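Beneath this line is the structure, given in C-alpha coordinates, with notes to follow.
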Amino acid sequence: MTLRKPGLVAATAVVLALTATACGGGGDSGSDGEKINIGIKFDQPGLGLKTQDGEYTGFDVDVAKYVAKELGYDEKDIVWKEAPSGERENMIANGDVKFIVATYSITDERKERVDFAGPYFLAHQDFLVRADDDSTWNKDELNTKELKLCSVTGSTSAQNVKNKFAQEADLQEYGGYSECLTGLENEAVDALTTDDSILAGYAAQKEHQGKFKLAGLSLSDESYGIGLKKGDTELQKQINDALAKMVEDGSWEKAADKHFGPADYDYEPAPEITEKS
Ligand code: GLU
(Lines give C-alpha, C1' and ligand atoms only; values in the text may rest on other atoms or scores of the structure.)
Protein backbone atom coordinates (compact mmCIF):
# COMPACT_ATOMS: atom_id res chain seq x y z
CA MET A 1 0.00 0.00 0.00
CA THR A 2 2.73 2.42 0.95
CA LEU A 3 4.54 1.49 -2.26
CA ARG A 4 1.64 2.18 -4.59
CA LYS A 5 1.00 5.73 -3.57
CA PRO A 6 4.20 7.33 -4.92
CA GLY A 7 3.63 5.40 -8.14
CA LEU A 8 0.21 6.94 -8.48
CA VAL A 9 1.57 10.41 -7.79
CA ALA A 10 4.30 9.90 -10.38
CA ALA A 11 1.80 8.71 -12.98
CA THR A 12 -0.42 11.74 -12.31
CA ALA A 13 2.60 14.01 -12.68
CA VAL A 14 3.37 12.49 -16.07
CA VAL A 15 -0.21 13.02 -17.24
CA LEU A 16 -0.14 16.63 -16.04
CA ALA A 17 3.19 17.26 -17.75
CA LEU A 18 1.88 15.81 -21.01
CA THR A 19 -1.25 17.94 -20.81
CA ALA A 20 0.83 21.05 -20.17
CA THR A 21 3.03 20.28 -23.20
CA ALA A 22 0.02 19.73 -25.42
CA CYS A 23 -1.30 23.17 -24.48
CA GLY A 24 2.05 24.88 -25.14
CA GLY A 25 0.89 26.60 -28.31
CA GLY A 26 -1.85 28.34 -26.41
CA GLY A 27 -5.03 26.50 -25.52
CA ASP A 28 -8.61 27.47 -26.05
CA SER A 29 -9.33 29.53 -23.00
CA GLY A 30 -6.92 31.75 -21.21
CA SER A 31 -7.86 30.91 -17.65
CA ASP A 32 -5.72 29.58 -14.81
CA GLY A 33 -2.28 30.81 -15.76
CA GLU A 34 -2.17 28.96 -19.04
CA LYS A 35 0.67 30.15 -21.27
CA ILE A 36 0.14 31.72 -24.68
CA ASN A 37 2.83 31.85 -27.37
CA ILE A 38 2.74 35.01 -29.46
CA GLY A 39 5.00 35.81 -32.42
CA ILE A 40 6.54 39.28 -32.73
CA LYS A 41 9.66 40.83 -34.25
CA PHE A 42 12.67 41.16 -31.93
CA ASP A 43 14.72 43.71 -33.91
CA GLN A 44 12.29 46.40 -35.05
CA PRO A 45 12.36 49.46 -32.73
CA GLY A 46 8.93 51.07 -32.32
CA LEU A 47 7.16 47.86 -33.40
CA GLY A 48 8.66 44.74 -31.89
CA LEU A 49 11.94 44.97 -30.02
CA LYS A 50 13.65 42.78 -27.45
CA THR A 51 15.73 45.16 -25.35
CA GLN A 52 19.06 44.43 -23.74
CA ASP A 53 17.28 43.88 -20.41
CA GLY A 54 15.13 41.22 -22.04
CA GLU A 55 12.01 43.39 -22.16
CA TYR A 56 9.67 43.46 -25.14
CA THR A 57 8.47 46.80 -26.43
CA GLY A 58 6.76 48.42 -29.41
CA PHE A 59 3.38 49.05 -31.01
CA ASP A 60 2.95 45.42 -32.12
CA VAL A 61 3.83 44.29 -28.60
CA ASP A 62 1.15 46.56 -27.13
CA VAL A 63 -1.41 45.32 -29.66
CA ALA A 64 -0.49 41.71 -28.82
CA LYS A 65 -0.78 42.38 -25.06
CA TYR A 66 -4.16 44.03 -25.50
CA VAL A 67 -5.51 41.16 -27.60
CA ALA A 68 -4.11 38.52 -25.21
CA LYS A 69 -5.81 40.25 -22.30
CA GLU A 70 -9.13 40.31 -24.15
CA LEU A 71 -8.72 36.59 -24.80
CA GLY A 72 -8.35 36.08 -21.05
CA TYR A 73 -4.56 35.77 -20.68
CA ASP A 74 -2.48 37.54 -18.05
CA GLU A 75 0.51 39.47 -19.38
CA LYS A 76 2.83 37.27 -17.31
CA ASP A 77 1.59 34.20 -19.19
CA ILE A 78 2.68 35.51 -22.59
CA VAL A 79 5.66 33.68 -24.09
CA TRP A 80 7.17 35.89 -26.80
CA LYS A 81 8.51 34.07 -29.86
CA GLU A 82 10.64 35.69 -32.53
CA ALA A 83 8.77 35.55 -35.84
CA PRO A 84 11.16 36.39 -38.73
CA SER A 85 9.40 37.48 -41.91
CA GLY A 86 10.15 34.26 -43.80
CA GLU A 87 9.01 31.99 -40.95
CA ARG A 88 5.60 33.40 -40.07
CA GLU A 89 3.31 31.11 -42.09
CA ASN A 90 5.26 28.04 -40.92
CA MET A 91 5.13 29.08 -37.27
CA ILE A 92 1.36 29.47 -37.47
CA ALA A 93 0.76 26.29 -39.46
CA ASN A 94 2.98 24.28 -37.07
CA GLY A 95 1.13 25.57 -34.02
CA ASP A 96 4.27 27.20 -32.54
CA VAL A 97 2.24 30.32 -31.81
CA LYS A 98 -1.40 31.16 -31.22
CA PHE A 99 -1.07 34.32 -33.28
CA ILE A 100 1.50 36.67 -34.81
CA VAL A 101 1.65 40.46 -34.52
CA ALA A 102 4.79 41.30 -36.48
CA THR A 103 4.39 43.98 -39.18
CA TYR A 104 2.63 41.17 -41.04
CA SER A 105 0.99 42.44 -44.24
CA ILE A 106 -2.23 40.79 -45.31
CA THR A 107 -1.75 39.28 -48.78
CA ASP A 108 -3.70 36.78 -50.88
CA GLU A 109 -0.64 34.58 -51.18
CA ARG A 110 -0.25 34.36 -47.39
CA LYS A 111 -3.98 33.78 -47.01
CA GLU A 112 -3.54 30.46 -48.79
CA ARG A 113 -1.75 29.20 -45.66
CA VAL A 114 -2.98 31.36 -42.77
CA ASP A 115 -5.89 33.60 -41.83
CA PHE A 116 -5.66 37.16 -40.61
CA ALA A 117 -7.63 39.32 -38.21
CA GLY A 118 -7.61 43.08 -38.74
CA PRO A 119 -6.04 45.02 -40.31
CA TYR A 120 -4.91 47.11 -37.33
CA PHE A 121 -2.34 49.33 -39.07
CA LEU A 122 -1.47 50.76 -42.48
CA ALA A 123 2.12 51.39 -43.55
CA HIS A 124 3.81 52.05 -46.91
CA GLN A 125 7.00 50.66 -48.38
CA ASP A 126 9.85 53.14 -48.53
CA PHE A 127 13.65 53.37 -48.81
CA LEU A 128 16.05 54.17 -45.99
CA VAL A 129 19.13 55.90 -47.37
CA ARG A 130 22.22 57.57 -45.89
CA ALA A 131 21.61 61.05 -44.50
CA ASP A 132 24.17 62.56 -46.90
CA ASP A 133 22.57 60.93 -49.96
CA ASP A 134 21.56 63.87 -52.15
CA SER A 135 20.20 61.90 -55.11
CA THR A 136 16.56 62.36 -55.97
CA TRP A 137 14.48 59.28 -55.32
CA ASN A 138 11.57 58.83 -57.67
CA LYS A 139 9.34 55.79 -57.87
CA ASP A 140 9.36 55.68 -61.69
CA GLU A 141 13.12 55.94 -62.00
CA LEU A 142 14.12 53.07 -59.75
CA ASN A 143 14.74 50.77 -62.71
CA THR A 144 16.97 53.24 -64.48
CA LYS A 145 19.55 53.39 -61.67
CA GLU A 146 22.08 50.70 -60.89
CA LEU A 147 20.72 50.07 -57.44
CA LYS A 148 22.05 47.92 -54.65
CA LEU A 149 19.22 47.23 -52.23
CA CYS A 150 18.89 45.29 -49.01
CA SER A 151 15.75 43.68 -47.65
CA VAL A 152 14.45 40.56 -45.93
CA THR A 153 13.67 37.07 -47.22
CA GLY A 154 9.96 36.28 -47.25
CA SER A 155 8.86 39.92 -46.98
CA THR A 156 6.52 41.78 -49.30
CA SER A 157 9.27 44.41 -49.48
CA ALA A 158 11.71 42.03 -51.22
CA GLN A 159 8.94 40.62 -53.39
CA ASN A 160 7.79 44.07 -54.51
CA VAL A 161 11.33 45.00 -55.52
CA LYS A 162 11.70 41.85 -57.61
CA ASN A 163 8.23 41.81 -59.15
CA LYS A 164 7.29 45.45 -59.39
CA PHE A 165 9.34 48.55 -59.04
CA ALA A 166 13.06 47.66 -59.25
CA GLN A 167 13.44 44.39 -61.13
CA GLU A 168 16.90 45.42 -62.29
CA ALA A 169 18.22 46.10 -58.82
CA ASP A 170 20.86 43.99 -57.14
CA LEU A 171 18.94 42.82 -54.09
CA GLN A 172 20.59 41.39 -51.00
CA GLU A 173 18.26 39.51 -48.70
CA TYR A 174 18.84 38.83 -45.02
CA GLY A 175 16.86 37.21 -42.21
CA GLY A 176 16.07 40.54 -40.53
CA TYR A 177 16.12 44.23 -41.47
CA SER A 178 18.59 45.23 -38.78
CA GLU A 179 21.17 43.13 -40.63
CA CYS A 180 20.95 45.59 -43.55
CA LEU A 181 21.94 48.63 -41.48
CA THR A 182 25.69 48.00 -41.41
CA GLY A 183 25.72 47.50 -45.18
CA LEU A 184 23.87 50.77 -45.64
CA GLU A 185 26.26 52.65 -43.39
CA ASN A 186 29.34 51.12 -45.10
CA GLU A 187 27.96 51.94 -48.54
CA ALA A 188 27.77 48.26 -49.46
CA VAL A 189 24.14 48.99 -50.39
CA ASP A 190 22.36 52.18 -51.48
CA ALA A 191 19.16 51.61 -49.55
CA LEU A 192 17.31 49.37 -47.15
CA THR A 193 13.76 48.90 -48.29
CA THR A 194 10.74 47.94 -46.24
CA ASP A 195 7.74 49.60 -44.55
CA ASP A 196 8.19 53.26 -43.57
CA SER A 197 6.98 52.41 -40.05
CA ILE A 198 9.98 50.13 -39.56
CA LEU A 199 12.48 52.43 -41.28
CA ALA A 200 11.46 55.41 -39.13
CA GLY A 201 12.25 53.33 -36.05
CA TYR A 202 15.78 52.57 -37.26
CA ALA A 203 16.48 56.16 -38.31
CA ALA A 204 15.45 57.40 -34.85
CA GLN A 205 17.52 54.89 -32.87
CA LYS A 206 20.10 56.60 -30.67
CA GLU A 207 23.06 54.80 -32.25
CA HIS A 208 21.88 55.77 -35.75
CA GLN A 209 20.93 59.35 -35.17
CA GLY A 210 21.98 61.61 -38.05
CA LYS A 211 23.05 58.65 -40.20
CA PHE A 212 19.95 57.74 -42.17
CA LYS A 213 16.80 59.27 -43.65
CA LEU A 214 13.66 58.07 -45.40
CA ALA A 215 13.38 58.73 -49.14
CA GLY A 216 9.61 59.29 -48.82
CA LEU A 217 8.53 57.07 -51.71
CA SER A 218 5.29 55.49 -50.43
CA LEU A 219 5.62 52.56 -52.83
CA SER A 220 2.80 50.34 -51.56
CA ASP A 221 0.01 49.88 -49.05
CA GLU A 222 0.91 47.41 -46.31
CA SER A 223 -2.09 46.49 -44.17
CA TYR A 224 -0.90 44.77 -41.02
CA GLY A 225 -3.02 41.85 -39.85
CA ILE A 226 -2.75 39.45 -36.95
CA GLY A 227 -1.87 36.06 -38.41
CA LEU A 228 -3.65 33.01 -37.04
CA LYS A 229 -4.37 29.40 -37.91
CA LYS A 230 -6.31 28.99 -41.15
CA GLY A 231 -9.95 28.21 -40.50
CA ASP A 232 -10.03 29.34 -36.85
CA THR A 233 -12.93 31.73 -37.41
CA GLU A 234 -13.71 31.90 -33.70
CA LEU A 235 -10.24 33.19 -32.84
CA GLN A 236 -10.39 35.56 -35.81
CA LYS A 237 -13.62 37.04 -34.48
CA GLN A 238 -12.29 37.31 -30.93
CA ILE A 239 -9.19 39.13 -32.16
CA ASN A 240 -11.23 41.44 -34.39
CA ASP A 241 -13.43 42.32 -31.41
CA ALA A 242 -10.35 43.02 -29.32
CA LEU A 243 -8.87 45.25 -32.04
CA ALA A 244 -12.14 47.19 -32.41
CA LYS A 245 -12.23 47.71 -28.65
CA MET A 246 -8.60 48.82 -28.60
CA VAL A 247 -9.41 51.56 -31.11
CA GLU A 248 -12.65 52.54 -29.42
CA ASP A 249 -11.27 52.94 -25.89
CA GLY A 250 -8.32 55.05 -27.06
CA SER A 251 -5.63 52.45 -26.31
CA TRP A 252 -4.70 52.15 -30.00
CA GLU A 253 -4.03 55.88 -30.32
CA LYS A 254 -2.12 55.94 -27.05
CA ALA A 255 0.12 53.06 -28.13
CA ALA A 256 0.69 54.53 -31.61
CA ASP A 257 1.58 57.91 -30.17
CA LYS A 258 3.90 56.35 -27.60
CA HIS A 259 5.83 54.20 -30.05
CA PHE A 260 5.81 56.24 -33.28
CA GLY A 261 5.94 59.71 -31.72
CA PRO A 262 9.64 59.52 -30.76
CA ALA A 263 10.51 58.50 -34.36
CA ASP A 264 8.46 61.41 -35.74
CA TYR A 265 6.54 58.90 -37.83
CA ASP A 266 3.29 60.36 -39.07
CA TYR A 267 1.15 57.23 -38.82
CA GLU A 268 -2.14 56.64 -40.64
CA PRO A 269 -5.34 56.42 -38.59
CA ALA A 270 -6.55 52.97 -37.50
CA PRO A 271 -7.90 51.16 -40.58
CA GLU A 272 -11.28 49.52 -40.85
CA ILE A 273 -11.42 45.81 -40.06
CA THR A 274 -12.01 43.80 -43.23
CA GLU A 275 -10.75 40.26 -42.51
CA LYS A 276 -13.94 38.44 -41.60
CA SER A 277 -15.15 34.96 -42.42
N1 GLU B 1 4.98 44.31 -43.93
C2 GLU B 1 5.87 43.63 -44.81
C3 GLU B 1 5.66 42.12 -44.77
O4 GLU B 1 4.82 41.64 -44.08
C5 GLU B 1 7.31 43.97 -44.55
C6 GLU B 1 7.71 43.93 -43.11
C7 GLU B 1 8.09 42.55 -42.64
O8 GLU B 1 8.87 41.86 -43.30
O9 GLU B 1 7.63 42.18 -41.56
O10 GLU B 1 6.33 41.40 -45.46
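Which angle between 0 and 90 degrees, to the nearest 10, do you get for helix 251-260 versus the longest principal axis of the chain when only C-alpha atoms count?
50 degrees
Which order do L71, L243, L214 take when ranked by solvent-accessible area (1.4 Å probe, heavy atoms of all protein chains), largest first?
Numbers: L71 25, L243 5, L214 60 Å².
So, going from the largest accessible area down, we get L214, L71, L243.
Give the ranking of D132, D232 by solvent-accessible surface, highest area first, calculated with a 1.4 Å probe.
Numbers: D132 120, D232 55 Å².
Heavy-atom accessible area, descending, gives D132, D232.
Starting from the Cα of K148, draw a straight line to each of the lysines and keep only those under 23 Å, dropping any in the same chain fewer than 8 residues away.
K139, K162, K164, K211, K213
Where the only charges are on Cβ atoms (+1 Lys, Arg; -1 Asp, Glu), what is the dipole of the stretch 161-277 about its Cα centre, to the nearest 20 debye? Don't skip to the end; give the middle numbers.
On the way: 12 positive and 24 negative charges, 55 e Å.
That gives the stretch 161-277 a dipole magnitude of about 260 debye.
Give the ranking of T233, T107 by solvent-accessible surface, highest area first, calculated with a 1.4 Å probe.
Values: T233 70, T107 35 Å².
So, going from the largest accessible area down, we get T233, T107.
Hey, rough spin-label estimate for N94 and K206, points 7 angstrom out along Cα→Cβ, what's it come to in nanometres?
Each label point is offset 7 Å from its Cα along the Cβ direction, giving 3.5 nm.
Listed highest first by mean packing, meaning other Cβ atoms within 10 Å per residue, what order do 152-159, 270-277 come in? Don't skip to the end; give the middle numbers.
Working: 152-159: 21.4, 270-277: 14.1.
Packing proxy ranking, top to bottom: 152-159, 270-277.
Pairing the Cα long axis of helix 59-70 with the longest principal axis of the chain, what angle in degrees results, from 0 to 90 and rounded to the nearest 10?
Taking the Cα atoms of the chain, the angle to 59-70 is about 30 degrees.
Using only Cα atoms, find the angle between the long axis of helix 4-22 and the longest principal axis of the chain, and express it within 0 to 90 degrees, rounded to the nearest 10.
30 degrees
If I ignore ligands, DNA and RNA and count only protein heavy atoms, how much of W137 is accessible to a 1.4 Å probe, in Å² to the nearest 10?
That residue has around 40 Å² of solvent-accessible surface.
What does the charge dipole of the stretch 95-138 about its Cα centre add up to, to the nearest 20 debye, if the Cβ of each Lys and Arg holds +1 and the Cβ of each Asp and Glu holds -1? The partial results should precede the final answer.
Working: 5 positive and 9 negative charges, 62 e Å.
Using Cβ point charges on Lys, Arg, Asp and Glu, the stretch 95-138 gives about 300 debye.
Looking at the stretch 215-277, how many pairs of lysines come closer than 24 Å at the Cα, when each pair is eight or more places apart or spans two chains?
11
So what's the back-of-envelope 222 nm ellipticity for the chain, counting only DSSP H runs of four-plus at -39500 (n - 2.57) apiece and dividing by all residues, rounded to 500?
Numbers: 8 runs with 83 residues, N = 277.
Taken over the chain, the calculation gives -9000 deg cm²/dmol.
Magnitude of the Cβ-charge dipole of the chain, K/R +1 and D/E -1, about the Cα centre, nearest 20 debye?
Values: 30 positive and 51 negative charges, 260 e Å.
Approximately 1240 debye in magnitude.
The values are calculated or read from the model by the stated rules, or taken from the named source; none is laboratory data. This is a predicted model, so every value here is computed, not measured. Glycine gets a Cβ as well: all are built from the backbone with ideal geometry, and neighbour counts include every protein chain shown. In case anyone asks, the SASA skips ligands and DNA or RNA and just uses the protein heavy atoms, side chains included. Shrake-Rupley method; radii C 1.70, N 1.55, O 1.52, S 1.80 Å.
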